[in-house]
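> What follows is a single structure, and I will ask about it in a moment.
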Amino acid sequence: MSLQSPIIGYTLGDQAGIGPEIIAKALPQLPQGAEYRLIGKTVHATPGKPDESTARAALEHLELAAEALRSGSIDAVVTAPVCKEGLHAVGFEFPGQTEFFAARLGVGENFAMCLTGRHLTVALGTIHEALNRVPKLLTTAELVRIGKLLADFLQRTGHTAPRIAVAALNPHAGEGGAFGREEIDTISPAVQQLQAALPSCSICGPCVPDCVYRDAVEGLYDAVLCPYHDQGLIPLKLVDFDNAVNVTLGLPRLRVSPDHGTAFNIAGKGIANPSSTIRAFELALKSVR
């Protein structure tokens with residue numbers, strides 16, 4: 001971290017989208033005592049009409065942000081939404097920003113996606129995969145690895161003794177094997193290994209998935225480790241749609257972004273909601289403090 005005020009960098013994403021608007025709305029509302037630094041430059045863009053120039057600028061700004069994190073010239077970064085289709089058209093080789101930053105910061109495969117809102121925090125055991133692939137991809141080792149990253153993130157953001165629930169894959173947590181053996185063969189061993197490796201944390205599971213998110217929202221857990229994408233994202237977006245933040249776990253310095261897209265359909269209309277962006281900045285600042 002910088003020796004004086006923490007420095008939080010930010011990018012504007014695809015500037016034909018709502019990125020410039022939500023950043024402009026967010027900055028006046030942010031806490032004092034930090035420097036908020038634009039990464040890259042503004043470019044001419046027609047709201048709602050992305051083109052090659054806005055995609056190339058977005059890609060350049062991601063590269064600059066990754067280099068700033070790697071060099072330590074910023075303490076954390078908030079990235080505004082990008083258009084993956086546009087990025088891929090100009091040579092972007094990654095599924096998304098999560099994988100890009102993991103590669104550029106040299107963490108190998110030891111990263112994960114986490115979404116956190118004011119009421120619920122979820123980490124994902126698998127991300128963008130077909131549902132029928134999840135049981136094969138969900139391994140004890142992966143759950144342990146991601147659980148450790150999640151615990152580290154929670155501790156960095158103020159939870160001294162994190163309480164993590166590990167959600168079951170099958171209905172009713174498998175009913176003792178009647179609905180599948182993943183809870184017995186994969187998830188229970190992961191819970192045991194995580195608890196042994198993280199004695200300062202409380203690790204619970206396999207938890208019945210149709211109840212565990214409600215329990216977390218009511219404060220019984222600080223986060224839920226979910227077996228697949230939609231099991232975590234559906235409850236998160238139900239309770240925290242306007243303030244959820246996407247976090248890349250495993251990076252040496254925090255990268256966060258608002259949990260929504262470029263919204264080209266409303267760009268330039270002045271109606272974009274900056275709540276998620278404001279929370280992204282607040283979380284970045286909390287992590288470095």
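> Can you tell me the FRET efficiency between ASP152 and ASP51 if r is taken as the Cβ-Cβ distance and R0 is 35 Å, rounded to the nearest 0.05?
In this case the efficiency is close to 0.30.
> Relative to the Cα centre, what is the charge dipole magnitude of segment 153-285, using +1 at the beta carbon of each Lys and Arg, -1 at the beta carbon of each Asp and Glu, and rounding to the nearest 20 debye?
The calculated dipole for segment 153-285 is roughly 560 debye.
> At 222 nm, what helix-only mean residue ellipticity would the chain give, in deg cm²/dmol to the nearest 500, using -39500 (n - 2.57) for each DSSP H run of four or more?
Calculated mean residue ellipticity at 222 nm is -11000 deg cm²/dmol.
> While we're on this one: Could you run the Karplus curve 6.51 cos²θ - 1.76 cosθ + 1.60 with θ = phi - 60° over segment 186-199 and give me ³J(HN,Hα) per residue in whole Hz, x for Gly and Pro?
So the J values, rounded to whole Hz, are 10, 7, 4, x, 5, 4, 5, 5, 5, 5, 5, 7, 10, x.
> Enter the mean projected area of the convex hull around the alpha-carbon atoms of the chain, in nm², rounded to one decimal.
So the mean shadow area of the Cα hull is 14.8 nm².
> Could I ask something else about it? Grab every C-alpha pair in segment 14-153, bin the distances at 10 angstrom width from 0 up to the longest one, and report whole percents.
For segment 14-153, the pair-distance distribution reads 10, 32, 36, 19, 3.
> Also, I was wondering about something else. Among rounded, prolate and oblate, which fits segment 1-91 when a ≥ b ≥ c are the square roots of the eigenvalues of its C-alpha gyration tensor, a/c under 1.5 means rounded, and a/b larger than b/c means prolate?
Since a/c reaches 1.5 but b/c is at least a/b, the shape of segment 1-91 is classed as oblate.
> Net charge near CYS204, counting Lys/Arg +1 and Asp/Glu -1 over other residues with Cβ under 10 Å of its Cβ?
Charge balance in the 10 Å sphere: 0.
> Jot down the radius of gyration and Dmax of segment 140-285, Cα atoms only, both in angstrom.
16.8, 54
> Another question about this same structure. At 1.4 Å probe size, with every protein chain present, just tell me what the per residue accessible area of the chain comes to in Å².
In whole numbers, the chain has 44 Å² accessible per residue.
> Arranged from highest to lowest average of other beta-carbon atoms within 10 Å per residue, in what order do the peptides 192-200, 80-88 appear?
80-88, 192-200
> Still on this structure, please answer the following. Output ³J(HN,Hα) for segment 85-96: one whole-Hz value per residue in order, computed from phi by the Karplus curve 6.51 cos²θ - 1.76 cosθ + 1.60 with θ = phi - 60°, and x for Gly and Pro.
4, x, 4, 4, 5, 10, x, 5, 9, 10, x, x
> While we're here: SER71 to ARG181: FRET efficiency via 1/(1 + (r/R0)^6), r the Cβ-Cβ distance, R0 35 Å, to the nearest 0.05?
With a Förster radius of 35 Å, E is 0.15.
> Among 141-148, 103-110, how do they line up by average Cβ neighbours within 10 Å per residue, starting with the highest?
Peptide ranking by packing, descending: 141-148, 103-110.
> Another question about this same structure. Within the accessible area of segment 85-134, what % is carbon and sulfur when the probe is 1.4 Å and the other protein chains stay in place?
Taking all protein chains in place, segment 85-134 shows 48 percent carbon and sulfur surface.
> So, one more: For a quick check of your reading of the filter: which trypsin sites (Lys or Arg not before Pro) in segment 1-78 sit in a DSSP loop and have no more than 13 other Cβ atoms within 10 Å?
LYS41
> Filter the chymotrypsin sites (Phe, Trp or Tyr not before Pro) in segment 207-289 down to the DSSP loop ones having no more than 15 other Cβ atoms within 10 Å, then list what survives.
Taking segment 207-289 and a limit of 15 other Cβ atoms within 10 Å, the loop chymotrypsin sites (Phe, Trp or Tyr not before Pro) found are PHE241.
> Enter the mean projected area of the convex hull around the alpha-carbon atoms of segment 214-286, in nm², rounded to one decimal.
Dividing the Cα hull surface by four gives the mean projection, 6.3 nm².
The values are calculated or read from the model by the stated rules, or taken from the named source; none is laboratory data. Computed from a predicted model, the values in this text were never measured in an experiment. For neighbour counting, all protein chains shown are included, and Cβ atoms are generated from backbone atoms with ideal geometry for every residue, glycine included. Note: areas computed on protein heavy atoms with side chains; ligands, DNA, RNA excluded. Shrake-Rupley method; radii C 1.70, N 1.55, O 1.52, S 1.80 Å.
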